[in-house]
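One structure, as structure tokens, below. Some questions next.
The values are calculated or read from the model by the stated rules, or taken from the named source; none is laboratory data. Since this is a predicted model, take the numbers as computed values, not measurements. Note: ideal-geometry Cβ built from the backbone for every residue, glycine included; neighbour counts use all protein chains shown.
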Amino acid sequence: MWKKNVLETIGNTPMIQLNKVSKGLPGTILAKVDYFNPGNSIKDRMALKMVEVAEQEGKLKPGGTIIEGTSGNTGMGLALAACVKGYKCIFVTTDKQSKEKVDILKAVGAEVIVCPTNVMPDDPRSYYSVAKRLGKEIPNSMYMNQYDNLANRQAHYESTGPEIWEQTEGKITHLVCTAGTGGTITGTAMYLKEKNPNIQVWAIDVYGSLLTHYYQTGEVNMDYVHPYISEGFGEDFVPENYDMSVIDHFEQVTDKDGAVMARRIAKEEGLFCGYSAGSCLQGLMQLKDKLPSDAVVVCIFHDHGSRYVGKVYNDQWMMERGFLDVKTFKDIVNGRQAKRLISVSPEDTVAEAVALMKKYDIEHIPVMQDGQPVGTVSENGLFQKVFSNADIKDAKVGSVSEPSYPVVDFDTPVERLGSLINKETGAVLAKDEKGDYHIVTKYDVLQSLAK
Ligand code: PMP
């Protein structure tokens with residue numbers, strides 16, 4: 001039987017066991033993979049619910065306008081609901097967000113207003129003020145306010161919670177979930193704890209967010225708040241959707257650990273999930289000593305990796321933030337079995353150099369004199385000369401050699417080597433701590449990046 005519209009495909013997402021990335025954790029580790037929703041995130045559930053409740057309460061009437069401050073998943077969910085139900089959508093976002101995000105929302109029919117990031121929330125230009133003002137000015141419009149609109153957590157109470165209970169046949173012992181507006185964790189936990197009050201609910205937060213300290217002390221202390229890179233969770237205030245009494249623990253994760261774990265989930269499980277899914281599983285790893293051997297853990301994976309291809313899934317982005325351990329020339333040399341540099345002297349013959357190339361299956365040989373590089377012989381270079389000099393094999397290397405390879409620092413990062421090695425140079429050299437030279441070729445660099 002077909003679906004009557006895209007909104008009917010929201011929810012009933014799969015529960016998938018993690019098998020490799022969860023090694024070392026006791027019990028059974030399951031992921032509720034909510035990127036299977038049509039808007040690629042769990043937020044489709046609450047977006048639809050917020051619209052339905054607004055309709056029931058008469059706040060949104062046919063032809064009305066949905067307004068929200070969002071750049072991401074909630075916007076996508078609201079836009080889908082608006083398409084099917086015939087509403088207009090205006091999303092207000094900040095100039096910090098990527099152009100792609102804005103274009104995606106426009107693609108599904110939304111109007112997007114971009115506001116400056118660096119203004120206080122009460123400044124009339126802030127995205128928060130603009131969204132509120134539009135909600136008042138535009139007739140038959142509603143500012144959805146996902147933070148304080150309790151239809152948000154209600155959606156998870158009605159769908160996410162029951163699905164998890166049924167998919168685990170009531171065996172779930174732990175719920176692990178990143179927390180932003182609080183809608184997902186609160187609504188899901190409220191349902192599950194009604195079914196079994198012993199279920200442990202662990203909220204995953206990010207360093208720089210206010211939530212963990214607030215949970216632990218009940219105090220709103222902005223000293224704990226600082227900018228962070230993780231996306232979708234953590235807050236600098238406490239939204240109305242929270243009911244902290246259904247949460248048993250708050251755990252903070254670093255930006256780096258969450259990003260690295262997201263990449264592992266994609267590589268090891270084939271689940272191409274978003275940043276917060278990585279943080280969620282990382283948070284669980286940090287808490288593994290609290291898990292009994294028969295635990296049945298459900299982690300919620302909120303959204304899809306495609307939103308993060310320019311970020312978490314981009315090596316350059318990861319390296320610039322210190323999230324990927326940078327490999328260097330030295331690492332490549334240390335990873336080799338044979339460390340001795342194969343070289344020739346200017347007095348050796350071309351035949352001897354070619355024999356070495358054959359023996360070691362290499363294309364480049366440095367020409368060394370008194371321990372210093374003075375030139376290069378390469379397969380390519382010799383091939384060019386064969387045509388003008390038929391007796392080249394008896395020639396001295398010194399008479400046919402090309403300029404020496406660039407010499408770099410032993411600690412030069414691999415990415416930098418990539419830009420130094422080109423068609424002409426083919427390789428680079430560096431001196432180790434003892435003063436001995438080593439070579440790194442294009443092939444070595446490619447190999448090291450593939451690892
Ligand atoms: N992860 C992602 C990717 C999200 O978009 C959100 C929603 N802001 C969350 C986690 C946190 O969910 P919630 O707002 O329901 O607490």
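Could you list, in sequence order, the residues of segment 221-240 that are among the hydrophobic types (A, V, I, L, M, F, W, C) and out of contact with any helix residue (DSSP H, G or I) (no Cβ under 6 Å at 6 or more places or on another chain)?
Met222, Val225, Phe237
Check whether at least one residue in segment 391-408 is within 24 Å of Gln316 (Cβ to Cβ) and assigned by TED's automatic domain parsing to the domain that holds Asn334, and report yes or no.
yes
A further question on this structure: Going through Ile365, Ile332, Ile300 one at a time, which residue ends up being more than 39 Å from the chain's Cα centre (by Cα) and touching a residue at least 12 places away in the same chain (Cβ under 8 Å)?
Just a single option satisfies the conditions, and that option is Ile365.
Could you run through segment 313-324 and say how many residues are out of contact with any Asp or Glu (no Cβ under 9 Å at 6 or more places or on another chain) and on the phi < 0 side of the Ramachandran plot?
Summing the residues that are out of contact with any Asp or Glu (no Cβ under 9 Å at 6 or more places or on another chain) and on the phi < 0 side of the Ramachandran plot in segment 313-324 gives 5.
Right, another one. Quick one: would you say Ser22 is more than 18 Å from Gly180 (Cβ to Cβ), in contact with a helix residue (DSSP H, G or I) (Cβ under 9 Å, 6 or more places away or on another chain) and either within 15 Å of the ligand (Cβ to nearest atom) or not aromatic (Phe, Trp, Tyr) (or both)?
So Ser22 passes the test.
Still on this structure: Of the conditions (1) loosely packed, with under 15 Cβ neighbours inside 10 Å; (2) touching a residue at least 12 places away in the same chain (Cβ under 8 Å), Lys23 fails just one. Which one is it?
Of the numbered conditions (1) loosely packed, with under 15 Cβ neighbours inside 10 Å; (2) touching a residue at least 12 places away in the same chain (Cβ under 8 Å), the odd one out for Lys23 is (2).
I'm trying to understand the selection: among the residues of segment 255-271, which are without any contact (Cβ under 8 Å) to a residue 60 or more places away in the chain and within 16 Å of the ligand (Cβ to nearest atom)?
Asp257, Gly258, Ala262, Arg263, Ala266
Now for a different question. I'd like the residue in segment 34-66 that is surrounded by 23 or more Cβ atoms within 10 Å (Cβ to Cβ) and part of a strand (DSSP E or B) and, out of all such residues, is farthest from the ligand (Cβ to nearest atom).
Filtering first and then ranking leaves Ile66.
Among the residues of segment 169-192, write down those that are away from the ligand (no atom under 16 Å from the Cβ) and surrounded by fewer than 20 Cβ atoms within 10 Å (Cβ to Cβ).
Listed by number, the residues that qualify are Glu169, Gly170, Lys171, Thr173.
May I pose another question? How many of the residues in segment 129-158 are small (Gly, Ala, Ser) and more than 13 Å from the ligand (Cβ to nearest atom)?
Here the count works out to 4.
Based on what the data block shows, is Gly218 within 13 Å of the ligand (Cβ to nearest atom) and either crowded, with 18+ Cβ neighbours inside 10 Å or farther than 25 Å from Thr70 by Cα (or both)?
When the stated conditions are applied, Gly218 does not pass them.
Based on this model, can you work out whether Ser293 counts as in contact (Cβ under 8 Å) with a residue 40 or more places away in the chain, away from the ligand (no atom under 16 Å from the Cβ) and outside the structural domain of Ile204 (by TED's automatic domain parsing)?
no
Name the pairs: first residue in segment 237-252 and in the same structural domain as Lys195 (by TED's automatic domain parsing), second residue away from the ligand (no atom under 13 Å from the Cβ) and assigned to a strand (DSSP E or B), Cβ to Cβ under 8 Å, at least 6 apart or on different chains?
Ile247/Trp202; Asp248/Gln200; Asp248/Trp202; His249/Gln200; His249/Trp202; Phe250/Trp202; Glu251/Trp202; Gln252/Tyr207
What is the residue count in segment 73-94 for residues that are over 13 Å from Tyr127 (Cβ atoms) and within 14 Å of the ligand (Cβ to nearest atom)?
5
Under 9 Å between Cβ atoms, which residue pairs at least 6 apart in sequence (or on different chains) link something in segment 36-56 that is farther than 18 Å from Gly232 by Cβ with a partner that is modelled with pLDDT of 95 or more and basic (Lys, Arg)?
Val51/Lys85; Glu55/Lys85
Another question, then. Among (1) in a helix (DSSP H, G or I); (2) within 13 Å of the ligand (Cβ to nearest atom), there is one condition Glu163 misses while meeting the rest; what is its number?
Of everything listed in (1) in a helix (DSSP H, G or I); (2) within 13 Å of the ligand (Cβ to nearest atom), Glu163 misses just condition (2).
Now for a different question. It is to be established whether one or more residues within segment 275-290 are free of Cβ contacts under 8 Å to residues at least 40 places away in the same chain, over 23 Å from Lys32 (Cβ atoms) and in the same structural domain as Lys23 (by TED's automatic domain parsing).
yes
Could you tell me whether segment 333-345 includes any residue that is in a helix (DSSP H, G or I) and away from the ligand (no atom under 16 Å from the Cβ)?
Taking every residue of segment 333-345 in turn, at least one turns out to be in a helix (DSSP H, G or I) and away from the ligand (no atom under 16 Å from the Cβ).
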